[in-house]
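Here the structure comes first, spelled out in structure tokens, and everything after it is commentary.
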Amino acid sequence: MRSGRVLVVLVVLAMLAGASTALAQPPVPPPPPNPSNQDLQNSRDAVAGRAAEVARLTGRLTELDAEADELQIVLAEQRESANAARDALDAAQAEAAAAAQRAQAARAQTEAAGKAIEAARGRLDEFVAGTYQTGIDLGPLGLLTSATGPEDFVDRAQFTDVLTRQQAAALDGLERARVEKANADSRARAAEEEAQARRAAAQEAKQAADAAVAQAQEAAEEQARRLAAVAAEQAEVQRRLDAAEAADAGLRAQRRRFEDWQRQQAEAEAARQRAAQQAAAARAA
């Protein structure tokens, strides 16, 4: 009878201990957000896609940089050609101006030579007319009739011969000078025409070189615009990649927190089960 009462007391004490243990347990916290596996996969796909786009744009930027460098080289070459064409044009213009001056001087000399010949002919005509007007006959008959003696005849003949040869030599010299000056004038005109042709060719070359420079400059500017556009696009994609990586990191952090919560709940449940087993064993004892 006494042992039965002891057993009842032990059971009551075990039940009270289990009840107090249950009352002492804290409330279970709510679970943290748990992204689904599909959400995590979509996030990884978004990061991979944006990373691939950034890589593609980076490669495109490298290509555009190389093309821009080549265009800058071409532009430098075109500018050098334009400078050379400009120097050639300046030289051709100076040569044409000098040739024009030489041609003008040759024409002036030719005109002067022609005037000198005309003046010499005029003086010869005046001399001949004067001799006729004064009654001096420079011919053989005139010399015979006007000479006072043999010596005077010889003197008059020699004087007439010298005078005639001097006039003829003067006319020949003037004529040769006129011909030489005419030839010089012709050569000067030909040189002037050639210089003008070279100047025109140099002008065309300069215009072509300037057009090539303008074209190369425009191509370089267009390349710079493309480069800036791709760089801006890359920056935007990089920004979206950074945002996607941050969002993916947030989802993975949520999954880790949820797994930590699960582990804590499992540990608490195991502790409760051990306590319950201990209480049951105490009751059984």
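The values are calculated or read from the model by the stated rules, or taken from the named source; none is laboratory data. A quick note: this is a predicted structure, and the numbers were derived from the prediction, not measured. Here the Cβ positions follow ideal geometry from the backbone for every residue, glycine too, while neighbour counts run over all protein chains shown. Keep in mind that these areas ignore ligands, DNA and RNA; they rest on the heavy atoms of the full protein, side chains included. Shrake-Rupley method; radii C 1.70, N 1.55, O 1.52, S 1.80 Å.
A few remarks follow.
- Each peptide in 266-273, 195-202, 67-74 gets a packing score, the mean of other Cβ atoms within 10 Å over its residues, and the list from highest to lowest is 195-202, 67-74, 266-273.
- Modelled FRET efficiency - R0 41 Å, A51 with A270, Cβ distances, 0.05 increments: 0.45
- Solvent-accessible ranking of R225, R283, largest area first, probe 1.4 Å: R225, R283
- Area accessible to solvent at L174, 1.4 Å probe radius, in Å²: 40 Å²
- Taking label points 7 Å from Cα along the Cα-to-Cβ direction, R86 and Q207 give a separation of 1.8 nm.
- Area accessible to solvent at E175, 1.4 Å probe radius, in Å²: 60 Å²
- Where a label projected 7 Å from the Cα of R60 along Cα→Cβ would reach, residues of region 205-244 with amide N under 14 Å: 225-238
- Exposure ranking of K115, K181 by accessible area [1.4 Å probe, largest first]: K115, K181
- At 1.306 mPa s and 10 °C, Stokes D of region 168-285 from Kirkwood alpha-carbon radius, µm² per second: 63 µm²/s
- Inter-label distance, nm, simple model (7 Å from Cα along the C-beta direction), A182/A76: 6.0 nm
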